[in-house]
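**Q** My questions all concern the structure below.
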Amino acid sequence: MQTINTIKNLAAVLKHWKQAGLSIAFVPTMGNLHAGHLKLVAEAKAKADKVVVSIFVNPTQFGIGEDFDSYPRTEAQDAKQLAAQEVDILFLPSVAEMYHSNAKTTVSVAGISALHCGLSRPGHFDGVSTVVCKLFNMVQPDMAFFGEKDFQQLAVIRTMVRDLNIPVKIHAVATIRESDGLAMSSRNGYLTPEQRKIAPQLYQALCAAKEAVLAENQAFAQIERQQRQNLESAGFAVDYFSICRAEDLLPAKQNDNELVILAAAKLGKPRLIDNIQFKIKAL
Ligand code: AMP
């Protein structure tokens, strides 16, 4: 595996690959890699000739007072894991390499970026869509891999790729969980041992809400309220718990078929997000 820090050096390698007609898969990350990230890498390896993984803690997607400075940075350990998976390039740019000091352009996906996480993290998804668009321009991959763990992010990226005709195929990868159901996340490391025991209740609440929806005897608002209360009683500060249409993440109506329940809640320092996707009727 080659570690590359500059766009120029990246372009030099990509040129050879393109000339040789090799397909390129890309996995953007913020590092502090866990089994969820490594699953994305494994799927990328299975589908393309060459795999590029980026590690970049993107300042523009963090709000004021968020954890940009304290976000876990473990590049040496991450590089070892990626080399063991035979990744071809680790792209590890600096902030100065990624952003011109006089940068003026932002990619903003209207509508969907303002919902859910966008409400409590204004500007977050503009930071995400801008950096992913820039990384796509730098890496010029044929395909890119994103986790369903960040369901709204995936929807934002898919919309951006569609609207800007970006020639990259987006692959979604199912959420990898700990054995007790907690979705793996770099921010789980912020949990105290006590909070770590409580944390799986977020996924349990999503599973319970899904079962309640499938039972079809309660209004969605009532199910949301019930699970919110359960989480608040367990010690979470719930940001949102919303039964939505998978297609556009707007509130689901009783006759919608493809649903996703999205949740975000703070448990001590970290804000945990998770979701569960399902169909009411298998068509
Ligand atoms: P991050 O480093 O948190 O920005 O995540 C990089 C990529 O890994 C994103 O596409 C995430 O959705 C994905 N990812 C993060 N956690 C998981 C997980 N537990 N399972 C699957 N994919 C994940």
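**Q** On a 0 to 90 degree scale, rounded to 10, what angle separates helix 75-84 from the longest Cα axis of the chain?
**A** Taking Cα atoms only, the helix is inclined about 80 degrees.
**Q** Another question, then. Out of the total accessible area of the chain (probe 1.4 Å, heavy atoms of protein only), what percent is carbon and sulfur?
**A** Carbon with sulfur: 51 percent of the solvent-accessible area.
**Q** Taking a 1.4 Å probe, which of 47, 210 shows the most accessible area, and what order do the others take after it?
**A** Final ranking, largest accessible area leading: 47, 210.
**Q** Angle check, please: helix 201-215 long axis (alpha carbons) against the longest principal axis of the chain (alpha carbons), in degrees 0 to 90, nearest 10.
**A** Between the helix axis and the principal axis of the chain, the angle is about 60 degrees.
**Q** Lys and Arg at +1, Asp and Glu at -1: add these up for the other residues within a Cβ distance under 15 Å of residue 118 and post the number.
**A** Here the charged neighbours net out to -3.
**Q** Express the accessible area of the chain per residue in Å², computed with a 1.4 Å probe while the remaining protein chains stay in the model.
**A** Solvent-accessible surface per residue comes out at 48 Å².
**Q** Please give the Cα centre distance for the stretch 114-135 versus the stretch 160-204, rounded to the nearest Å.
**A** 16 Å
**Q** Do any of 18/169; 39/281; 45/149; 197/253; 80/104; 197/281 go past 26 Å between their Cα atoms, and which?
**A** 39/281; 197/253; 80/104; 197/281
**Q** While we're on this one: What list of ³J(HN,Hα) couplings, whole Hz, do you get for the stretch 46-53 from phi and the Karplus terms 6.51, -1.76, 1.60, once you set θ to phi - 60° and write x for glycine and proline?
**A** For the stretch 46-53, the Karplus curve yields 5, 10, 9, 6, 10, 10, 10, 10 Hz.
**Q** Please compute the net charge surrounding residue 34, taking Lys and Arg as +1 and Asp and Glu as -1 over other residues with Cβ under 12 Å from its Cβ.
**A** Computed value for this residue: +2.
**Q** Before rounding to the nearest 500, sum -39500 (n - 2.57) across all DSSP H runs of length at least 4 in the chain and divide by the residue total; then give [θ] at 222 nm in deg cm²/dmol.
**A** -11500 deg cm²/dmol
**Q** Taking only Cα atoms, what is the 0 to 90° angle, nearest 10, from helix 7-19's long axis to the longest principal axis of the chain?
**A** 80 degrees
**Q** Roughly what % of Cα-Cα distances in the chain sit above 36 Å, to the whole percent?
**A** 16 percent
**Q** Something else now. Which aspartates and glutamates have a Cα lying under 16 Å from the Cα of residue 50, excluding residues fewer than 8 positions away in the same chain?
**A** 86, 88, 142
The values are calculated or read from the model by the stated rules, or taken from the named source; none is laboratory data. In this text, all values refer to a predicted model and were calculated from it rather than measured experimentally. Ideal geometry is used to build each Cβ from the backbone, glycine not excepted, and the neighbour counts take in all protein chains shown. Accessible surface areas use protein heavy atoms only, side chains included; no ligands, DNA or RNA. Shrake-Rupley method; radii C 1.70, N 1.55, O 1.52, S 1.80 Å.
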